[in-house]
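First up is the structure itself, then whatever we jot down about it.
The values are calculated or read from the model by the stated rules, or taken from the named source; none is laboratory data. Note that the structure is predicted; figures quoted are calculated from it, not measured. Neighbour counts are summed over all protein chains in view; Cβ atoms, including those assigned to glycine, are modelled from backbone coordinates with ideal geometry.
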Amino acid sequence: MREFALWAGGGQDEEADQSKDALDTFEDIAELARGCRFQNCRHIADAGCKIQQALSEGELDPGRVRSYRSLARELAIAAQREKKRGQMNPDADTKRRAKRSDRREGKRQLREMADD
């Protein structure tokens, strides 16, 4: 039995290589996917999908396709998490302070307008 695991690599190039290596395990599915009618085929119910055709003809094991989809989904989620990790996200306290400051500024402007 083979087992695959996702791991954090050093850089973006290394992560892309790891993703490619993991999906290379499913070379037969990747080869079929290259033959799909549309380049952005989701391989679910799209017209001209070679993977769906192979499944219906019994040439491809449905369990293998499920494993491929699962691994591809996990890799996509890991890539999104890595992308978010590089972005700055202000914490809730900073947002709250900014909102309070905006309200105070608005009240100050109202008072100034009333005084004029």
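In table form, for the structure just shown:
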{"quantity": "Residue selected from the stretch 82-95 under the condition exposed (fewer than 10 other Cβ atoms within 10 Å of the Cβ), of a type outside the set (Gly, Ala, Ser) and assigned to a helix (DSSP H, G or I), by the criterion modelled with the highest pLDDT", "calculated": "84"}
{"quantity": "Residue match in the stretch 46-54 (condition: modelled with pLDDT of 80 or more, among the acidic types (Asp, Glu), surrounded by 12 or more Cβ atoms within 10 Å (Cβ to Cβ) and part of a helix (DSSP H, G or I))", "calculated": "no"}
